[in-house]
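The values are calculated or read from the model by the stated rules, or taken from the named source; none is laboratory data. Please read all numbers here as calculations on a predicted model, not as lab measurements. Positions of Cβ are generated from backbone atoms using ideal geometry, with glycine treated the same way; all protein chains shown enter the neighbour counts.
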Amino acid sequence: NAGVTQTPKFQVLKTGQSMTLQCAQDMNHEYMSWYRQDPGMGLRLIHYSVGAGITDQGEVPNGYNVSRSTTEDFPLRLLSAAPSQTSVYFCASSYPRGGENSPLHFGNGTRLTVT
Amino acid sequence: TQLLEQSPQFLSIQEGENLTVYCNSSSVFSSLQWYRQEPGEGPVLLVTVVTGGEVKKLKRLTFQFGDARKDSSLHITAAQPGDTGLYLCRGGSSGGSNYKLTFGKGTLLTVNP
């Protein structure tokens, strides 16, 4: 079972470069989300989606864009990377819609370094 | 946004010892989840508690939801090295957004052989 797949696992960017972090799930989950994890800060919600064509901001959305054209995919775009975006990024999905009783299924993360 | 405070932040113990970690909020939780995250991996759900006073057991792990639904604890009996990891709680307040539940900062547990 693939579950939630994130690519790449590691990435190094220079300040100002752009890139897309990929996330795909094969569980037909409606809800998908992106978190960043920094030392001492826990997991913070960046953006989320409750279905194809629907996205909304989380706690720390600045500097990131998302789109949801299919149920399976939820890419995260960094348009102009900054050192403050150095972090480990996790994608998560759940069914039905990420409510308090819905378990989140996480990918194994993308470790991003911006120099 | 509901703030969840976890304590202790770090815990290092010997194999066979017992331990308890806590997740607290000033607001009432509608429900609360506990996750464990191992190095290099994403968090994995351990349990969801929804009723005040609820106790759930998962092998050597005992989860308790406070009567007032403002706090939760995770107790591990006879800890083993395989219990090493970051323990995270996730919850939301009654009437809050179902889609923006917050995580605590976690308790990093190390069990030494």
### Message
Based on this model, can you work out whether residue A:78 counts as over 30 Å from residue B:10 (Cβ atoms) and in contact with a strand residue (DSSP E or B) (Cβ under 6 Å, 6 or more places away or on another chain)?
### Response
yes
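Taking the conditions exactly as written (assigned to a strand (DSSP E or B), within 13 Å of another protein chain (Cβ to nearest Cβ), closer than 16 Å to residue A:94 by Cβ and touching a residue at least 60 places away in the same chain (Cβ under 8 Å)), does residue A:33 satisfy them or not?
Values: assigned to a strand (DSSP E or B): yes; within 13 Å of another protein chain (Cβ to nearest Cβ): yes; closer than 16 Å to residue A:94 by Cβ: yes; touching a residue at least 60 places away in the same chain (Cβ under 8 Å): yes.
Here the answer is yes, as residue A:33 does meet what is asked.
Name the residue that is surrounded by the most Cβ atoms within 10 Å (Cβ to Cβ), counting only residues in segment B:87-100 that are modelled with pLDDT of 80 or more and at the interface with another protein chain (Cβ under 9 Å from one of its Cβ atoms).
Top of the filtered list is B:91.
In the list B:74, B:108, which residue meets the criterion of being over 19 Å from residue A:44 (Cα atoms) and either within 14 Å of chain A (Cβ to nearest Cβ) or touching a residue at least 40 places away in the same chain (Cβ under 8 Å) (or both)? Spell out the reasoning first.
Working: B:108 fails: over 19 Å from residue A:44 (Cα atoms).
Being over 19 Å from residue A:44 (Cα atoms) and either within 14 Å of chain A (Cβ to nearest Cβ) or touching a residue at least 40 places away in the same chain (Cβ under 8 Å) (or both) holds for just one of B:74, B:108, which is B:74.
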### Query
Among the residues of segment A:36-57 satisfying the criterion of being surrounded by 15 or more Cβ atoms within 10 Å (Cβ to Cβ) and of a type in the set (S, T, N, Q), which is farthest from the other protein chains (Cβ to nearest Cβ)?
A:55
